[in-house]
Amino acid sequence: MSPVLESTARVLLRRIAVEQAGSRLPSLAAAVIRDGRLAWFGARGKAGDAAPTETTQYRIGSITKSMVATVVMRLRDEGRVDLLDPVGKHVPGTPVGEVTVAQLLSHTAGLTAEPPGQWWERTPGMPVEELIALLGPQTARHRPGRRFHYSNLGFALLGELVARHRGVNWARAVQAEILEPLGMRDTTARPRAPHARGYAVHPWADVLLPEPEHDALAMAPAGQLWSTPADLARWAAFVAGDTGDVLAPATVAEMREPATVDDGDAWTGGYGLGLQLARVNGRRLAGHTGSMPGFLATVWADPSDRVGVLFMANSTSGVSRTLLSELLAILDEHEPRLPAEWEPAAVDADLLELAGPWYWGPSAYALRPLPGRGLSLTPIGGAGRASRFVAQGDGTWLGLDGYYAGETLRLVRRADGSPSHLDLNTFVFTRTPYDPSAEVPGGVDAGGWRG
């Protein structure tokens with residue numbers, strides 16, 4: 001994908017210029033990613049004595065959590081960790097050892113949001129042994145699995161889980177297993193030059209207050225990392241599905257699945273496994289926000305069309321919540337993505353004979369062959385359960401999504417070899433509504449259809 005058009009770039013730049021001026025941000029950097037590449041970068045204000053560039057470091061706060069979660073998922077894929085394991089199996093000695101790894105990743109473990117002691121984001125950290133020793137009955141705030149309750153402490157425990165399995169601290173594991181393979185060489189646990197200085201902006205005067213920065217030690221997995229717009233662009237591409245050799249795309253897709261919703265019936269925000277989720281203007285986004293004293297950052301990716309957006313600012317507060325969604329809206333308005341051209345595909349003859357209408361009772365469904373001997377089953381008319389299926393070695397198909405995810409679809413043939421019906425986890429689909437010649441459970445009334 002080529003860079004955005006000059007006219008689009010101007011509109012994008014104006015939007016962040018309005019944000020930097022109106023929100024009184026010392027500096028603001030933003031980027032758009034398309035098809036795994038940086039398509040636009042813009043910046044306003046100054047980070048030090050110069051305008052920020054694609055290689056200027058900002059602290060990214062809780063975006064760190066997603067990278068720690070990625071190492072945990074690597075451990076899962078290696079068979080070293082099961083997501084249903086109690087964390088006490090891997091980090092013994094805590095009073096909340098019964099909560100599962102999956103609950104920690106999705107912030108559904110019910111743990112307190114912050115660790116005991118002083119405000120951890122503004123004070124020097126403590127070693128993990130000291131942190132664990134301070135945990136007590138107050139660490140659990142809710143029944144595990146009951147609700148979404150964001151917990152920085154939970155990711156401190158996950159960072160220690162990583163360290164105990166890898167034999168190095170969480171940051172070295174992240175660097176070796178994620179940052180280096182993805183080419184994110186400017187993402188570090190402590191700042192390197194050139195980097196922005198973090199500030200608080202006075203609410204009623206145009207003056208700045210430098211914010212403190214410390215090594216958070218045990219709490220570092222919750223928000224320690226520094227990164228650059230160029231590196232975060234690569235991370236956005238990763239979240240969108242360009243995973244390199246770090247994780248299988250299916251595992252990243254699993255991380256993007258909603259494990260919990262954090263705004264009730266509205267379902268505009270939720271959480272997967274180490275990734276925040278949002279539904280905005282018809283898009284389903286995955287990524288994470290980040291906030292530390294003196295810094296704000298957010299990265300979102302939409303895997304459906306491989307687009308991403310991000311911003312980084314050196315201010316404790318001030319960036320509007322709609323900035324990135326508005327950048328995406330600008331992109332959609334000025335450079336809408338064209339659908340891929342239709343091309344014919346080879347279909348095996350035995351699948352071609354299955355294509356067309358099938359009936360679950362009186363309800364009509366369309367069965368379509370997919371590449372690789374896959375199948376798609378969708379309701380005709382829109383009302384019903386749709387799923388895709390992947391071919392298995394024994395001649396059956398396994399559901400990939402929707403109601404039938406994980407369920408088996410089996411084709412039943414008659415004695416002469418012709419298709420009789422589809423058996424989908426006991427549901428029978430026939431070529432005509434309630435075909436009397438098929439094995440319809442409960443049988444078909446001998447009188448047939450009547451007026």
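The values are calculated or read from the model by the stated rules, or taken from the named source; none is laboratory data. None of these values were measured; they are calculated from a predicted model. Please note: Cβ atoms are built from the backbone with ideal geometry, for glycine as well, and neighbour counts cover all protein chains shown.
Among the residues making up region 2-46, those that are small (Gly, Ala, Ser), within 20 Å of Tyr58 (Cα to Cα), without any contact (Cβ under 8 Å) to a residue 60 or more places away in the chain and surrounded by fewer than 19 Cβ atoms within 10 Å (Cβ to Cβ) are Ala17, Ala21.
Criterion applied to Gly290, Gly282, Gly272 was being at positive phi and either buried (at least 24 other Cβ atoms within 10 Å of the Cβ) or assigned by TED's automatic domain parsing to the domain that holds Ala200 (or both), and the one residue passing it is Gly282. Residue pairs whose Cβ atoms lie under 9 Å apart, sitting 6 or more positions apart in sequence or on different chains, and linking a residue in region 420-434 that is within 16 Å of Pro379 (Cβ to Cβ) to a partner that is surrounded by 18 or more Cβ atoms within 10 Å (Cβ to Cβ) and among the β-branched types (Val, Ile, Thr), are Leu422/Val428; Leu422/Thr430.
The one condition from (1) modelled with pLDDT under 95; (2) more than 30 Å from Gly45 (Cβ to Cβ); (3) in contact with a His (Cβ under 9 Å, 6 or more places away or on another chain) that Thr123 does not meet is (2). The residues listed here are Ala446, Ala391; of these, the one that is at pLDDT 95 or above and either among the small types (Gly, Ala, Ser) or loosely packed, with under 13 Cβ neighbours inside 10 Å (or both) is Ala391. Which members of region 394-415 meet the condition of being at pLDDT below 95 and among the acidic types (Asp, Glu)? Passing the criteria: only Asp401.
Select from region 171-228 the residues that are in contact (Cβ under 8 Å) with a residue 12 or more places away in the chain and among the aromatic types (Phe, Trp, Tyr) and list them in ascending order. Passing the criteria: Tyr199, Trp226.
Working only within region 308-318, note down all residues that are of a type in the set (A, V, I, L, M, F, W, C) and either touching a helix residue (DSSP H, G or I) at 6+ places or on another chain (Cβ under 7 Å) or outside the structural domain of Tyr199 (by TED's automatic domain parsing) (or both).
Val309, Leu310, Phe311, Met312
In a residue-by-residue description of region 144-162, the property of being modelled with pLDDT of 95 or more, assigned to a loop (DSSP other than H, G, I, E, B) and more than 24 Å from the chain's Cα centre (by Cα) applies to no position.
Each row is one residue, and each column tells you yes or no for (1) part of a loop (DSSP other than H, G, I, E, B); (2) closer than 20 Å to Leu153 by Cβ; (3) not polar (S, T, N, Q).
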| position | (1), (2), (3) |
| --- | --- |
| Glu54 | yes, no, yes |
| Thr70 | no, yes, no |
| Val81 | yes, yes, yes |
| Pro92 | yes, yes, yes |
| Gly97 | yes, yes, yes |
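Every residue, every condition in (1) at pLDDT below 95; (2) outside the structural domain of Asn152 (by TED's automatic domain parsing); (3) of a type in the set (A, V, I, L, M), yes or no:
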site	(1), (2), (3)
Met1	yes, yes, yes
Arg15	no, no, no
Leu28	no, no, yes
Val32	no, no, yes
Pro52	no, no, no
Gly61	no, no, no
Ala69	no, no, yes
Arg74	no, no, no
Asp77	no, no, no
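When residues in region 101-117 are screened for being at negative phi and in contact with a helix residue (DSSP H, G or I) (Cβ under 7 Å, 6 or more places away or on another chain), 10 of them pass.
Considering region 238-251, and only residues there that are of a type outside the set (Val, Ile, Thr) and crowded, with 23+ Cβ neighbours inside 10 Å, the residue that is nearest to the chain's Cα centre (by Cα) turns out to be Ala240.
Output the residue which, of all residues in region 300-348 that are assigned to a strand (DSSP E or B) and not hydrophobic (A, V, I, L, M, F, W, C), is surrounded by the fewest Cβ atoms within 10 Å (Cβ to Cβ).
So in region 300-348, the residues assigned to a strand (DSSP E or B) come out as 300-302, 307-313, 315.
If we keep only those that are not hydrophobic (A, V, I, L, M, F, W, C) too, we end up with 302, 308, 315.
Values: Asp302: 22, Gly308: 32, Ser315: 24.
Result: Asp302.
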